[in-house]
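The values are calculated or read from the model by the stated rules, or taken from the named source; none is laboratory data. As the structure is a computational prediction, the values presented were derived from the model and not from experiment. All Cβ positions, even for glycine, are placed from backbone atoms using ideal geometry, and neighbour counts span all protein chains on display. Note: accessible area is taken over every heavy atom of the protein model, side chains too, but ligands, DNA and RNA are not part of it. Shrake-Rupley method; radii C 1.70, N 1.55, O 1.52, S 1.80 Å.
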Amino acid sequence: MKRLFLLLMLASMAMASSCDCCNCKKKTALLDLEKMQAADSVLNEAIAQGRMPGAVLAVVVDGETAYMKAYGNRSVFPDTLPMTVETVFDMASCSKCIGTTMSMMQLMEHGGFRLGDNVDMYIPGFRNWVDPETGEETPITIYDLLTHASGLPSYVSPDVVIAKCGVDDPDSLMNYIAQMPRLYKPKQDFTYSCLNFITLQNILQKITGKKLCDYATENIFKPLDMNHTCYNPAANNNEEVMALVAPTEKKDSTSCFLGEVHDPLARVMNHGNSGNAGVFSCAEDLCNLAKCYMNQGNFNGKQILSRITYKKMISIPAGYEHLGHAIGWDLCSSYTGTRGEVFTFDKTINHTGYTGTAFVLDTENNVAVILLSNRVHPIDGDGIMRCRALVSNIVAGAVLQ
């Protein structure tokens with residue numbers, strides 16, 4: 001009997017040492033770790049091809065962190081540093097959901113505004129759609145901004161704004177956006193636009209009197225124990241985050257952007273506090289966000305959003321069904337490639353960031369895939385959309401009953 005006990009104990013130790021992920025005991029009950037080796041192969045191949053220097057993959061199943069693993073390097077210029085699961089990434093456009101959407105939905109349920117409110121209620125002089133044939137005006141609403149159905153163009157270069165306004169400040173950017181030509185009547189089409197979320201940022205700031213970065217930190221990040229999630233770590237001398245942050249693109253011959261948001265509008269015009277980009281975060285913190293969603297807005301007894309508000313956020317609003325975009329999150333539009341083909345088609349919210357980040361959550365099956373990389377380091381090169389989709393499919397296939 002003693003010998004049998006010893007053999008079983010040794011076998012158990014061998015199993016634990018063979019996996020370099022965290023929380024192995026939980027993982028073995030939630031994911032088939034042998035199947036997850038295919039995800040390791042996909043990511044290592046992408047690194048070998050030079051598509052990204054490294055990555056962190058985390059999976060949450062039924063409210064438990066089921067997998068977390070680091071691959072490759074977090075930096076290859078000017079120094080080579082290994083990737084770790086603690087690495088903090090520039091989340092780029094994933095900021096639209098993590099910071100802006102979460103903040104707006106919470107503010108809405110606290111009575112700050114209505115989703116159907118016209119934008120010009122909060123941004124004086126904000127230009128409506130004008131029918132070129134009849135001259136009839138159609139106002140743009142907060143719903144339109146959150147679903148990318150406003151008709152605003154997708155982007156504008158900071159150089160263009162500065163040439164027009166003469167200064168590189170947030171007010172100049174908002175004034176420029178307010179007067180830009182609209183591409184089409186609201187709800188008529190879908191144009192993924194950073195300008196929608198910069199406008200949402202300004203609406204939140206008008207209502208609350210706080211910067212978006214401060215509101216999100218106080219009301220979203222801290223309650224979710226997202227202790228390494230922030231805006232502007234370099235400018236704010238956040239030493240703890242700066243010790244973990246991954247660099248993005250080269251800024252000159254000797255250095256890269258490090259702790260400064262990569263997106264030009266967010267960096268140059270909005271000085272790091274921006275609705276379209278600017279959040280820095282890590283896998284563990286984003287797992288907490290996924291767990292909050294899986295518990296319908298509640299995290300460790302703290303209600304971040306009500307379950308009704310949460311369900312509203314992850315659904316396509318009435319009148320926008322043809323566009324396929326939920327509130328803040330993509331659901332089933334033309335931008336859904338990152339979720340792969342196995343997760344539930346009309347129940348999987350997702351978003352990506354230009355720097356190489358992605359968040360996918362099948363709300364029907366309670367499975368989240370968090371894939372973080374700094375693919376633009378040290379130079380902006382090939383995309384990783386196919387890699388993301390492959391990983392999503394592998395994870396979906398590895399979930400145990």
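Descriptive notes on the structure:
- Heavy-atom accessible surface of the chain: percent carbon and sulfur, 1.4 Å: 51
- Rounded to the nearest 20, the Cβ-based charge dipole of the chain about its Cα centre (Lys and Arg +1, Asp and Glu -1) stands at 1000 debye.
- Across the chain, Cα pairs under 8 Å and at least six residues apart give a relative contact order of 24 percent.
- Evaluated at q = 0.10, 0.15, 0.17 Å⁻¹, the base-10 log of the normalised Debye intensity for the stretch 233-383, with identical point scatterers placed on the Cα atoms, takes the values -0.42, -0.91, -1.10.
- Between the entries (1) 21.2, 62; (2) 22.9, 71; (3) 21.7, 90, the label attached to Rg and Dmax of the Cα atoms in Å calculated for this structure is (3).
- Accessible surface for the chain, divided over its residues, is 43 Å² per residue with a 1.4 Å probe.
- Links that overshoot a 26 Å alpha carbon limit, given the list 222/250; 291/347; 187/302; 187/347: 222/250; 187/302
- Dividing the mean sequence gap of close Cα pairs (under 8 Å, 6+ apart) by how many residues the stretch 278-399 holds gives a relative contact order of 19 percent.
- Those residues of the stretch 99-134 whose amide nitrogen sits under 12 Å from the label point placed on residue 308, 7 Å along Cα→Cβ: 109-110
- Net charge of Cβ neighbours under 13 Å - reference residue 333; Lys, Arg +1; Asp, Glu -1: -3
- Virtual spin-label span in nm between residue 346 and residue 160, 7 Å along Cα→Cβ: 3.6
- Computed on the stretch 298-382, the Cα convex hull volume stands at 120 Å³ per residue.
- Extents of the stretch 168-237, taken as max minus min of Cα coordinates on every principal axis and listed largest first, are 41, 27, 23 Å.
- Relative contact order %, the stretch 84-205, counting alpha carbon pairs below 8 Å whose residues are six or more apart: 30
- Karplus-derived 3J(HN,Hα) values for the stretch 179-186, using 6.51 cos²θ - 1.76 cosθ + 1.60 with θ = phi - 60°, are 10, 5, x, 8, 7, 6, 5, x Hz; glycine and proline are entered as x.
- For the stretch 277-287, putting each phi into the Karplus relation 6.51 cos²θ - 1.76 cosθ + 1.60 with θ = phi - 60° gives couplings of 6, x, 7, 10, 7, 10, 4, 4, 5, 6, 4 Hz, in residue order, rounded to whole numbers and with x for Gly and Pro.
- Peptides 355-368, 34-47 ordered by packing proxy, namely the average of other Cβ atoms within 10 Å per residue, highest first: 355-368, 34-47.
- Electrostatic bookkeeping for residue 120 treats Lys and Arg as +1 and Asp and Glu as -1; over the other residues with beta carbon under 11 Å from its beta carbon, the sum is -1.
- Highest mobility in the GNM of the chain, judged by mean-square fluctuation with C-alpha springs under 10 Å and restricted to 58, 216, 163, is found for 163.
- Annotation: for a label point projected 7 angstrom from Cα along Cα→Cβ of residue 128, residues of the stretch 171-193 with backbone N closer than 12 Å are 186.
- Taking packing as the residue-averaged number of other Cβ atoms within 10 angstrom, the listed peptides 201-210, 299-308, 318-327 run from highest to lowest as 201-210, 318-327, 299-308.
- Sequence of 185, 211, 69 when ordered by accessible area, the most exposed leading, probe 1.4 angstrom: 211, 185, 69
- Here the calculated FRET efficiency for residue 118 and residue 167, from their Cβ-Cβ distance with R0 = 30 Å, stands at 0.60, rounded to the nearest 0.05.
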